Each structure stands twice: as C-alpha cells, then as structure tokens.
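S.K.: Got a structure for you, questions after.
Taken together, the values in this text are just the output of simple stated rules run on the coordinates, not laboratory data. This is a predicted model, so every value here is computed, not measured. Using ideal geometry, Cβ is built from the backbone for each residue, glycine included, and neighbour counts are taken over all protein chains shown.
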Amino acid sequence: MAINKIDSTSDDIESVLLELASMGVVSEELGGDVPCVPISAKERINLEALEDKLFETLKLKVDLLSDFSSKATCFVVESRFETDTNQFTATVLVKSGTLHLEDVVVCGPDIGRVRFLTNDKFQHVSHAYPGQAVRVGGFKHIAEVGHPLYAVNNHAEA
C-alpha cells in the first residue's frame, strides 16, 4: 500500500496506519501483513522504495514458472467504480495460469465475466500471464483489495 502526500505538513503517517488498522487493514509496521510505503508522488519521494516493495511482494506471491494452460488465480491489487463508464473494475495480478477475456471469475462472494482486459499501457489484451497486472472489467460489485480472484470453467462451477 502506498501512503501518498507525505510532503504535506498536516499528514501524520502513524495516524493513517492506526486508522487503517481500525478498519482491518494492518500494516507490517503494526504487526500485520500489509506492506506500506509512505510516498510523495508530487515530489517523487520514496517511489523507488515503493517499486522495490512491489517487486519483493511480487516474488513472494507469483510463481513465474507456473503452468500457463491452467485457469488463472489472481489477487486484487486495486478496485474502483469507473464513473465515466458506470462499471466496476479491478486491477489484478495474475499469480498462476492464464486469465482470458470472457473467463467466468469468482472474487469473494461475487461472480462475474471478464468483459475487458487492459495492460499497463491501457491497451486491450485478450489474456494475461503470471506476473502481469491487468485491469479487469465485468464485476457486479466492487472487488475487495487483497482478495483472490479465480477463473473457473462456467457459472455452475462458480
């Protein structure tokens, strides 16, 4: 997790971490399992540290030598409601297998179908392999950040 705007004089990182912990998001600094890096995007402070933490987390979570032919197992990195298109999207990191356009997916209690995939350059793609982060559209609700997302064979299996 990136805690932005540390260049602002009114921000207190510890109070942000405590408030997040009160909502169930416990940082590594407080004994939890959520890595946090304080950054300033505007002043470009700690961006390399954030990148290092992302790669470190990626190495722990993703098997880059996994079987590409299997159904995808991913985890949700970011989730939002797109006001311009009126749809829920999520950025997911593919942990194993391959995520395909039109795959039926399960994320927590929600079931959906992958309506579009876009890569980090905002280009539409038809599939994503282990280690790739893609934006996925087709959710009926906002996906929980940190939750796994599984591609399955059909709605009955979901």
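S.K.: For the chain, I need the span (max minus min coordinate) of the C-alpha atoms along each principal axis, in Å, sorted largest to smallest.
M.R.: Taking max minus min along each principal axis of the Cα atoms, the chain gives 51, 36, 30 Å.
S.K.: Can you give the angle from 0 to 90° between the axis of helix 13-22 and the longest principal axis of the chain, with both taken from C-alpha atoms, to the nearest 10?
M.R.: Once rounded, one gets 50 degrees.
S.K.: Plugging the Kirkwood radius over Cα pairs into Stokes-Einstein for the stretch 2-61, at a temperature of 20 °C and a viscosity of 1.002 mPa s, what D comes out in µm²/s?
M.R.: 176 µm²/s
S.K.: How far, in nm, would the chain grow between LEU101 and ARG113 when pulled straight, counting 0.36 nm per residue and subtracting the alpha carbon separation? Please list the in-between numbers first.
M.R.: Details: separation 12, 0.36 × 12 = 4.32 nm, distance 0.82 nm.
Fully extending the segment from LEU101 to ARG113 adds 3.5 nm.
S.K.: Please provide three numbers in whole Å: the alpha-carbon extents of the stretch 73-152 along the principal axes, with the largest listed first.
M.R.: 29, 28, 20
S.K.: For a protection proxy built on the mean count of beta-carbon atoms within 10 angstrom, sort 128-138, 14-24 highest first, please.
M.R.: Ranking the peptides 128-138, 14-24 by packing returns 128-138, 14-24.
S.K.: How far is helix 47-61 tilted, in degrees, relative to the longest principal axis of the Cα atoms in the chain, given as a value from 0 to 90 rounded to the nearest 10?
M.R.: Here the helix axis deviates by roughly 40 degrees.
S.K.: I'd like the distance separating the alpha-carbon centroids of the stretch 1-41 and the stretch 95-158, in whole Å.
M.R.: Taking the Cα centre of each part, the stretch 1-41 and the stretch 95-158 sit 28 Å apart.
S.K.: Mind checking the full-extension length gain between SER69 and LYS140? Use 0.36 nm per residue of separation minus the Cα-Cα distance, one decimal, nm.
M.R.: Using 0.36 nm per residue and subtracting the Cα-Cα distance, I get 22.9 nm.
S.K.: Full extension from THR57 to MET23: what is 0.36 nm times the residue separation minus their Cα-Cα distance, to one decimal in nm?
M.R.: Value of the extension gain: 10.0 nm.
S.K.: Over the chain, calculate the relative contact order: mean separation of alpha carbon pairs under 8 Å at least 6 apart, over the residue count, as a percent.
M.R.: Relative contact order comes out at 20 percent.
S.K.: Continuing with the same structure: Please work out how many pairs of lysine residues in the chain are eight or more positions apart (or on different chains) and have Cα atoms closer than 13 angstrom.
M.R.: Final tally of qualifying lysine pairs is 5.
S.K.: Continuing with the same structure: At R0 = 30 Å, how high is the FRET efficiency between THR83 and ILE13 if r is their beta carbon distance? Nearest 0.05 is fine.
M.R.: Between THR83 and ILE13 the formula returns 0.55.
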